[in-house]
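Notes for the one structure printed next.
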Amino acid sequence: MTLKALIVDDEYPARKELRHMLEQIEGIEVLGEAADAREAKKLVSAVDYAVIFLDINMPGMSGLELSQALQGEERAPYIIFVTAFEEHAVQAFEVNAVDYLLKPIDKKRLQQALDKVFLLMEGNQAVARPGLRKQKSLLEPSIIDRIPVDKEGKTLLIPQEDIVYIFTQKNNVYIRSYQNTYCTRFTLKDLEERLKGKNFFRTHRCYIVNLTKVNEIIPFFNGTYTLIVDDCKRSEVPVSRNQARKLKTILGL
């Protein structure tokens, strides 16, 4: 399978660099470039692209506006946003983008983004055109490896491997890293689904823990446990009695 790709960026050096990177990846064919969103829209109408690498901040129509405009197109390609700005991540989720890459582009992240597109294509081979598929959004656990959080009026993207645990407090959901605590807009159930199969475990109705960050397991009252996790505070995460049974099975205890 060869993916036909379109690069959309108003800066020529950025297009040139991305094309060079893509030419080194098997299964990708860059068939076009556009310097603005309106030009890109015309190209998408003429060529059956599988994927667009789309900048967000461009003169005239933005990359987000183009993505929204393509939602109803018969041949809508998958979207991978490529931008120097983190703060548009939440909006990118809302337009069913496959991934969100930050400039300068990391080769490993680029390959991961393309792997997602290949998986989506393979899962929909029976459908002739990408636009007729139900595209997966960034909110689905298999699609993105970062979680948006709020910090001092900005949106930060936290790598999943940096998450120590997640908890609810006073109707808010927080993510704890080694050093910091961040507020997120997702519910605990949303995050549980998104992190499914990635070493995260729902220990309690108010907690999800990254099992790779657990240092100690301490028996507590009436069949419950307390986990000591690897953050700077050596925080304690409770495990309910029902979830303790599942945890012991997972860990082979």
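The values are calculated or read from the model by the stated rules, or taken from the named source; none is laboratory data. Predicted, not measured: the structure shown is a model, and the values here were computed from it. As a convention, Cβ positions derive from the backbone with ideal geometry for all residues, glycine included, and neighbour counts pool all protein chains shown.
For this structure, a couple of remarks:
- Flag for residue 208 being in a helix (DSSP H, G or I) and either within 22 Å of residue 148 (Cα to Cα) or β-branched (Val, Ile, Thr) (or both): no
- Test: residue in the range 150-165 that is free of Cβ contacts under 8 Å to residues at least 12 places away in the same chain, farther than 30 Å from residue 115 by Cα and not in a strand (DSSP E or B): yes
- Options 165, 225, 178; residue that is modelled with pLDDT of 90 or more, aromatic (Phe, Trp, Tyr) and more than 21 Å from the chain's Cα centre (by Cα): 225
- Qualifying residues in the range 206-251 (those that are surrounded by 15 or more Cβ atoms within 10 Å (Cβ to Cβ) and of a type in the set (Ser, Thr, Tyr)) - the one nearest to residue 172 (Cα to Cα): 207
- Close pairs from the range 233-253: first in a helix (DSSP H, G or I), partner surrounded by fewer than 12 Cβ atoms within 10 Å (Cβ to Cβ) and not hydrophobic (A, V, I, L, M, F, W, C), Cβ under 7 Å, at least 6 apart: 241/222
- Sub-6 Å Cβ pairs linking a first residue in the range 43-64 that is within 22 Å of residue 114 (Cα to Cα) to a second residue that is assigned to a helix (DSSP H, G or I) and among the polar types (S, T, N, Q), at least 6 apart or interchain, are 64/91, ordered by first then second residue.
- Considering residues of the range 175-205 that are assigned to a strand (DSSP E or B) and of a type in the set (A, V, I, L, M, F, W, C) only, the residue surrounded by the fewest Cβ atoms within 10 Å (Cβ to Cβ): 183
- Residues that are of a type in the set (Val, Ile, Thr) and under 20 Å from residue 192 (Cα atoms), drawn from the range 211-227: 212, 214, 226
- Within the range 95-121, tally of residues that are assigned to a helix (DSSP H, G or I) and either assigned by TED's automatic domain parsing to the domain that holds residue 159 or in contact (Cβ under 8 Å) with a residue 60 or more places away in the chain (or both): 7
- Candidate set: the range 23-81, residues that are more than 22 Å from the chain's Cα centre (by Cα) and assigned to a strand (DSSP E or B); chosen: the one surrounded by the fewest Cβ atoms within 10 Å (Cβ to Cβ): 29
- Among (1) under 26 Å from residue 102 (Cα atoms); (2) exposed (fewer than 12 other Cβ atoms within 10 Å of the Cβ); (3) modelled with pLDDT of 50 or more - the single one residue 172 does not satisfy: (1)
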